[in-house]
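The structure appears right after this line, and notes come after that.
The values are calculated or read from the model by the stated rules, or taken from the named source; none is laboratory data. Just so you know, these numbers come straight off a predicted model, no measurement behind them. So basically every Cβ, Gly included, is an ideal-geometry build from the backbone, and we count neighbours across all protein chains shown.
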Amino acid sequence: MRIKEKSKKDKNILIIGSGFAGISFYKEFHKLIHERSDIKITILSENNYFLFTPLLHEVATGNLLPEDIITPIRENFFCCTREIIIDKALYIDVLKKQVKLKKTSVDYDYLVIATGASTNFFNIKGVKEYAYPLKDIHDSIRLKNGIVSLFEKAEMEKWKKIDVVLVGGGATGIELSVEISEFIEQLKPYYKNLREEDVELRVKILNASENFIPDFPQKVRKKVLSFFSNINSKVSIVLNSRVKVVEENKVILDNRKAVNYDFLVWSAGVKPIIPSNNLGIDVLKRIPVNQFLQTESENVFAIGDVAAVKNLEGGLYPQLAQIAEEEAKICALNIYNDINHKPKKPFLYNLDSLLLSLGHNNAIVYFKGILITGKSAWILWKFIYLVLMFNGRSKVMTAFNWISDQFSPRDISKI
Ligand SMILES: Cc1cc2nc3c(=O)[nH]c(=O)nc-3n(C[C@H](O)[C@H](O)[C@H](O)COP(=O)(O)OP(=O)(O)OC[C@H]3O[C@@H](n4cnc5c(N)ncnc54)[C@H](O)[C@@H]3O)c2cc1C
C-alpha cells in the first residue's frame with residue numbers, strides 16, 4: 001500500500017526530518033507556494049515534534065522542562081501540507097522516486113533529505129555503556145536523572161569529592177560543563193551529608209586536539225579559558241586528550257594516562273543519519289551536494305547536518321542550526337525555481353555570529369568581530385534564543401522558567 005495517490009500534475013515535495021533544516025525548509029517553501037494548489041508538501045519524520053537543541057543543556061540540568069523546547073509539528077506546521085507522516089525513512093529509491101517505510105512507501109517529485117546526525121561514539125569500547133550523550137530530548141532527561149542518581153549515591157556513601165568528565169570540547173561540552181557544575185552546587189543544600197562533608201566538585205573537559213570549540217574564533221577560546229581560570233575554576237579543559245577506552249569509573253587516553261570519573265558525558269561529535277539508498281552515497285559520510293544543495297540524483301536535495309556543503313575555501317560548513325536554517329532557505333528557493341524553470345541560487349554563508357552560554361549570568365556573544373561577554377551577553381543570549389524559537393508557547397514557557405530560575409532553585413526531580 002502507498003500513502004495517498006496524487007494527481008499526475010500535482011508536485012509533491014517530500015521533506016525527511018523535522019529538525020532545523022526540515023522545518024525551516026517547510027516554513028520558507030510554504031511562503032512561496034501558499035497560493036498554489038498544484039504544489040504540496042509532505043513531512044516525514046520519526047519525531048512528531050521539532051526540538052530546539054541549543055537549549056538541551058538547560059533541560060539536562062533542570063533549568064528548563066522538556067516541553068519548553070519542543071514544538072509539535074502537527075500543531076504548527078500543517079498549512080499547505082499534503083500529509084504529515086510520523087515514521088522512519090528506511091530506504092530511498094531514486095529510480096522510482098519513492099521513500100520506503102516499514103509498512104508502506106511514499107512518492108515524491110522533489111526530495112529534501114534533512115535527517116540530521118546522531119551521536120558518534122567512534123566505536124570506542126565502553127562509551128555506549130558508561131557515558132551519557134546529549135543529542136535528543138531523551139538524552140537530556142537521562143542525563144539529568146543520572147546526575148540526580150549520582151547525588152543520591154554520594155549522599156548514601158558520604159562522598160568527599162565528585163569527578164565529572166565531559167569528552168569533547170565543542171560548544172555543547174563547554175556549555176554543559178558549566179551548567180553541570182552550577183547544577184551540582186545547587187543540589188548540595190538538599191543533601192545533608194554532602195553539605196556537611198562540603199564535597200569537592202571537579203569538572204574536566206577532555207578534548208582530543210588543541211583546538212576546542214573549533215567553529216569559534218581564537219578570541220572566544222581565550223575568553224573561555226579566562227572564564228575557567230577566573231570565574232568558574234571548578235571546570236578545566238585538558239587538551240590533546242584523545243579517549244581510547246572507557247571503563248567503569250575510568251577513561252583511558254591514547255597516551256595511556258587514566259582519568260577517573262564518577263559521571264561521564266560524551267559530547268565528542270556526530271555522524272550523519274542517511275537512510276540506505278540507491279543514491280550511490282556512503283551512509284557513513286555526509287551527503288555530498290553541489291552549490292545549489294542538490295545531490296547527484298535528479299530532484300534530490302540534502303540540507304542540514306546530513307549534508308556536506310562546501311564553502312568557498314573548499315572545506316565543509318559546520319553542523320550548526322543557523323547553517324541548516326540558511327541552507328533550507330536556499331533549497332526552498334531552488335526547488336521552487338526549478339519547478340518554475342528559473343535559475344537556481346548558490347548557497348553562500350558567512351558565519352559571523354556565534355553564541356556560547358557560560359552558566360548563570362555569563363555568556364559570550366560574537367557578532368561580526370565584536371565580542372560581548374558577562375551579564376549583558378547573557379541577557380542578549382537569552383533574548384536571541386527566545387526570538388529564534390519557532391513556537392509562541394515555547395517562548396512563553398522558556399521565558400517564564402528563566403525568570404523563575406532567578407528566584408527559585410532548579411528542578412531536581414528524577415523522572
Ligand atoms: C546539545 C546540542 C546543542 C546545540 N547547540 C547549538 C547552538 O547553540 N547553535 C547552533 O547553531 N547549533 C547547535 N547545535 C547543532 C544543531 O542542533 C544542528 O546543527 C541542527 O539540529 C541540524 O539540523 P538538522 O535539521 O540537520 O538535524 P536535526 O535537527 O537533528 O533534525 C533531524 C530530523 O530528522 C529526523 N530523522 C532522522 N532520521 C530519520 C529517518 N530515517 N526517517 C525520518 N526522520 C528522520 C529526526 O527525527 C529529526 O526530526 C546543537 C546540537 C546539540 C546536540
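Which one of these does Val148 not meet: (1) closer than 24 Å to Tyr191 by Cα; (2) buried (at least 23 other Cβ atoms within 10 Å of the Cβ)?
Status for Val148: all satisfied but (2).
Out of all the residues in the range 285-320, which are within 15 Å of Ser24 (Cα to Cα) and surrounded by fewer than 17 Cβ atoms within 10 Å (Cβ to Cβ)?
none
Each row is one residue, and each column tells you yes or no for (1) in the same structural domain as Glu179 (by TED's automatic domain parsing); (2) part of a strand (DSSP E or B); (3) touching a residue at least 24 places away in the same chain (Cβ under 8 Å); (4) not basic (Lys, Arg).
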{"position": "Phe216", "(1), (2), (3), (4)": "yes, no, yes, yes"}
{"position": "Val220", "(1), (2), (3), (4)": "yes, no, yes, yes"}
{"position": "Leu225", "(1), (2), (3), (4)": "yes, no, no, yes"}
{"position": "Val246", "(1), (2), (3), (4)": "yes, yes, yes, yes"}
{"position": "Val259", "(1), (2), (3), (4)": "yes, yes, yes, yes"}
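What residue, of Gly146, Gly169, Gly173, is touching a Leu at 6+ places or on another chain (Cβ under 6 Å) and not in a strand (DSSP E or B)?
Values: Gly146 fails: touching a Leu at 6+ places or on another chain (Cβ under 6 Å); Gly169 fails: touching a Leu at 6+ places or on another chain (Cβ under 6 Å).
Of the residues listed, the single one that is touching a Leu at 6+ places or on another chain (Cβ under 6 Å) and not in a strand (DSSP E or B) is Gly173.
Quickly run through the range 190-214 and pick out the residues that are in a helix (DSSP H, G or I) and free of Cβ contacts under 8 Å to residues at least 24 places away in the same chain.
Arg195, Glu196
Do you know which of the residues in the range 71-97 that are in contact (Cβ under 8 Å) with a residue 60 or more places away in the chain and among the polar types (S, T, N, Q) is farthest from the ligand (Cβ to nearest atom)?
Checked the range 71-97; the qualifying residue farthest from the ligand (Cβ to nearest atom) is Asn76.
In this structure, is Asn362 within 30 Å of Phe228 (Cα to Cα), within 16 Å of the ligand (Cβ to nearest atom), of a type outside the set (Asp, Glu) and touching a strand residue (DSSP E or B) at 6+ places or on another chain (Cβ under 8 Å)?
Yes.
Can you say whether Ile384 is of a type in the set (A, V, I, L, M, F, W, C) and not in a helix (DSSP H, G or I), as far as the supplied structure shows? Before you say what the answer is, go through the steps one by one.
Working: of a type in the set (A, V, I, L, M, F, W, C): yes; not in a helix (DSSP H, G or I): no.
Considered against the rule, which asks whether it is of a type in the set (A, V, I, L, M, F, W, C) and not in a helix (DSSP H, G or I), Ile384 comes out as no.
So, Leu55, is that one within 15 Å of the ligand (Cβ to nearest atom), closer than 25 Å to Ile174 by Cβ and part of a loop (DSSP other than H, G, I, E, B) or not? Write out each step before concluding.
Details: within 15 Å of the ligand (Cβ to nearest atom): yes; closer than 25 Å to Ile174 by Cβ: yes; part of a loop (DSSP other than H, G, I, E, B): no.
Considered against the rule, which asks whether it is within 15 Å of the ligand (Cβ to nearest atom), closer than 25 Å to Ile174 by Cβ and part of a loop (DSSP other than H, G, I, E, B), Leu55 comes out as no.
Among the residues of the range 310-358, how many are away from the ligand (no atom under 16 Å from the Cβ) and within 16 Å of Gln294 (Cα to Cα)?
Within the range 310-358, residues that are away from the ligand (no atom under 16 Å from the Cβ) and within 16 Å of Gln294 (Cα to Cα) number 15.
In the range 13-50, what residues are among the hydrophobic types (A, V, I, L, M, F, W, C) and under 21 Å from Phe383 (Cβ atoms)?
So in the range 13-50, the residues among the hydrophobic types (A, V, I, L, M, F, W, C) come out as 13-16, 20-21, 23, 25, 29, 32-33, 39, 41, 43-44, 50.
Passing the criteria: Phe20, Phe50.
Evaluate the following for Val165: is it more than 16 Å from the ligand (Cβ to nearest atom), buried (at least 23 other Cβ atoms within 10 Å of the Cβ) and modelled with pLDDT of 95 or more? Show your work before the answer.
Details: more than 16 Å from the ligand (Cβ to nearest atom): yes; buried (at least 23 other Cβ atoms within 10 Å of the Cβ): yes; modelled with pLDDT of 95 or more: yes.
Judged against the criteria, Val165 is a match.
Among the residues of the range 261-298, what is the count of those that are assigned to a loop (DSSP other than H, G, I, E, B) and farther than 30 Å from Leu333 by Cα?
To start, the set of residues in the range 261-298 that are assigned to a loop (DSSP other than H, G, I, E, B) comprises 261-262, 267-269, 273-275, 278-286, 289-293, 295-298.
Adding the requirement that they be farther than 30 Å from Leu333 by Cα leaves 261-262, 267-269.
The number of residues fulfilling the criteria is 5.
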